[in-house]
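The values are calculated or read from the model by the stated rules, or taken from the named source; none is laboratory data. Keep in mind that what you see is a predicted model, and the values were worked out from it rather than measured. Don't worry about glycine lacking a Cβ; one is built from the backbone with ideal geometry, like all the others, and counts go over all protein chains shown.
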Amino acid sequence: MRQDRPGHREKKMAGTKHHDYHLVDPSPWPFIASVGAFLMAVGAIALMRWSAGGELVFAGADIAQPWLFLVGLAIVLYTMFGWWRDTVKESQAGYHTRVVSLHLRYGMILFIASEVMFFVAWFWAYFDASLFPGEAHQVLRAEHTGGTWPPQGVEVFDPWHLPLFNTLILLLSGTTVTWAHHALLHNDRRGLIWGLVATVALGVLFSYVQAIEYSHAAFAFSGNIYGATFFMATGFHGFHVIVGTIFLLVCLIRAMKGHFTPQKHFGFEAAAWYWHFVDVVWLFLFASIYVWGSVGAVIHE
């Protein structure tokens, strides 16, 4: 019988995995993502200077052009694709044990919690200005508020028109993504795919309707505190809807490739969590900004 050389056995044991954690191989994505984010940040300043007809001189050259932002955006998007592609491969290779999957869930929960606080800031800004318009009138210029809410001269949206239609769209999308989830749990591949198709279609429809709504706004982003708080809160929510739609579209493609199983499908589950979060935020936006904010206001026809 072959005998191991001294120290050979210890080396084999050292190379054996005795834990449920995934020690990730060296990856270029954090560095590439940092470069892309930096170029996007500087490029955004250059883009705003360029759109305003100004200059941004760096090392003797005027970089006030849109190309720097676009290059950074392309790098970030490519990083997202490559990094998540590697994560999918690691999951299929069996690296995502029960412990790793639990930590992924913790990470998604913390991410959604941070998103909740992000929207709390916009709600806080809206209610601070709306509940105390007299104080806002003293701090800001008189034409900004007029001491009333909505500010004098501002015609708001009819909450029972396009905003209500978009509310119904998101509520329906919440049911379709739940349908897809239950279909996956019962290994109904057809129900999973059609549920995701319906959810993605409803997400695209919501963004389209919101674009139409914005095009008919009787107020601008600048000029009064109402427009600023309205477009920041609803606009960022619209951005989250677009991100969630892309998230679900990727899940749809993965579902068509057979990546998910009833026992292992956290990628889809995370997308469903995110989509339900977007739904809940919209309900608060609709109730507070559209419905409550239109009480006693002039409705734009």
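Miscellaneous remarks
- Sole exception among (1) part of a helix (DSSP H, G or I); (2) among the hydrophobic types (A, V, I, L, M, F, W, C); (3) free of Cβ contacts under 8 Å to residues at least 24 places away in the same chain for residue 200, by number: (3)
- In the stretch 237-271, the residues that are in a helix (DSSP H, G or I), among the small types (Gly, Ala, Ser) and over 18 Å from the mean Cα position of the chain (by Cα): 255
- Total residues in the stretch 98-114 satisfying the condition of being touching a Phe, Trp or Tyr at 6+ places or on another chain (Cβ under 8 Å) and surrounded by 13 or more Cβ atoms within 10 Å (Cβ to Cβ): the figure is 6.
- Taken over the stretch 217-240, the criterion of being closer than 24 Å to residue 279 by Cβ and not β-branched (Val, Ile, Thr) is satisfied by 217, 230, 231, 232, 233, 235, 236, 237, 238, 239, 240.
- Restricting the stretch 147-171 to residues that are outside any loop (DSSP other than H, G, I, E, B) and either small (Gly, Ala, Ser) or surrounded by fewer than 16 Cβ atoms within 10 Å (Cβ to Cβ) (or both), the residue that is modelled with the lowest pLDDT: 155
- So residue 183, is it crowded, with 20+ Cβ neighbours inside 10 Å and without any contact (Cβ under 8 Å) to a residue 24 or more places away in the chain: yes
- Contact map, the stretch 72-90: first residue assigned by TED's automatic domain parsing to the domain that holds residue 28 and surrounded by fewer than 13 Cβ atoms within 10 Å (Cβ to Cβ), second residue among the aromatic types (Phe, Trp, Tyr) and at pLDDT below 95, Cβ cut-off under 6 Å, separation 6 or more or different chains; the map is empty.
- Taking every residue in the stretch 272-301 that is under 29 Å from residue 105 (Cα atoms) and pairing it with any residue that is among the acidic types (Asp, Glu) and surrounded by 15 or more Cβ atoms within 10 Å (Cβ to Cβ), at least 6 positions away or on another chain, the pairs with Cβ-Cβ distances below 8 Å are 277/115.
- Some residue of the stretch 64-73 being modelled with pLDDT of 90 or more and in contact with a Pro (Cβ under 9 Å, 6 or more places away or on another chain): no
- For residue 37, the criteria (1) modelled with pLDDT under 95; (2) aliphatic (A, V, I, L, M); (3) part of a helix (DSSP H, G or I) hold in every case but one, which is (1).
One line per residue, one yes/no per condition, for (1) closer than 30 Å to residue 81 by Cα; (2) of a type in the set (Ser, Thr, Tyr):
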| position | (1), (2) |
| --- | --- |
| 215 | no, yes |
| 219 | no, no |
| 235 | yes, no |
| 254 | yes, no |
| 289 | no, no |
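- Hits in the stretch 186-206 - residues which are out of contact with any Leu (no Cβ under 9 Å at 6 or more places or on another chain), within 18 Å of residue 238 (Cβ to Cβ) and crowded, with 16+ Cβ neighbours inside 10 Å: 205
- Matching residues, the stretch 115-133, being surrounded by fewer than 18 Cβ atoms within 10 Å (Cβ to Cβ), touching a helix residue (DSSP H, G or I) at 6+ places or on another chain (Cβ under 7 Å) and within 10 Å of residue 232 (Cβ to Cβ): 125
- If the condition is being in contact (Cβ under 8 Å) with a residue 60 or more places away in the chain and hydroxyl-bearing (Ser, Thr, Tyr), then the stretch 93-126 contributes 95, 97, 101, 126.
- Selection count, the stretch 237-287, where residues are polar (S, T, N, Q) and at pLDDT below 95: 2
- Residues in the stretch 204-226 that are under 22 Å from the mean Cα position of the chain (by Cα) and touching a residue at least 60 places away in the same chain (Cβ under 8 Å): there are none.
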